[in-house]
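Here the structure is laid out as structure tokens; the discussion comes afterwards.
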Amino acid sequence: MTKLMTQLTSVQLIEAALWRELGSNEPQSADVLRQALADAVSRWLLVRSESPDIDALKFVCQVKANIAQPERLL
């Protein structure tokens, strides 16, 4: 029997990373999920960026711009 595998969406991948960050699949509050996302992004910036403070500020600005134009993302 062949299993059909589908590629996860970017949202599903981020959610999977958050659940792994939390070490739990139990429902969590929005605050807990935001903190897990902030922790994961911060860790990524510290490992991958030459100037994590500046890149974090750029990241926040890009997120804000994307939220202001949600049609761009959907």
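A few notes on this one:
- Residues of region 57-69 satisfying the condition of being outside any helix (DSSP H, G or I) and surrounded by 13 or more Cβ atoms within 10 Å (Cβ to Cβ): none
- Hits in region 18-30 (condition: closer than 17 Å to Val63 by Cβ and either in contact with a Ser or Thr (Cβ under 7 Å, 6 or more places away or on another chain) or loosely packed, with under 15 Cβ neighbours inside 10 Å (or both)): Ala30
- The residues of region 21-31 that are assigned to a helix (DSSP H, G or I) and at pLDDT 90 or above, listed by number, are Leu22, Ala30, Asp31.
- Condition broken by Ala40, with the remaining ones in (1) at pLDDT 95 or above; (2) part of a helix (DSSP H, G or I) satisfied: (1)
- Set Ile54, Ile14: member being surrounded by 10 or more Cβ atoms within 10 Å (Cβ to Cβ), hydrophobic (A, V, I, L, M, F, W, C) and more than 16 Å from the chain's Cα centre (by Cα): Ile54
- Selected residue (criterion: nearest to Val60 (Cα to Cα)) from residues of region 31-47 that are surrounded by 12 or more Cβ atoms within 10 Å (Cβ to Cβ) and either of a type outside the set (A, V, I, L, M, F, W, C) or in contact with a Ser or Thr (Cβ under 6 Å, 6 or more places away or on another chain) (or both): Ser42
The values are calculated or read from the model by the stated rules, or taken from the named source; none is laboratory data. Computed from a prediction, not measured in an experiment: that's the story for all the values here. As a convention, Cβ positions derive from the backbone with ideal geometry for all residues, glycine included, and neighbour counts pool all protein chains shown.
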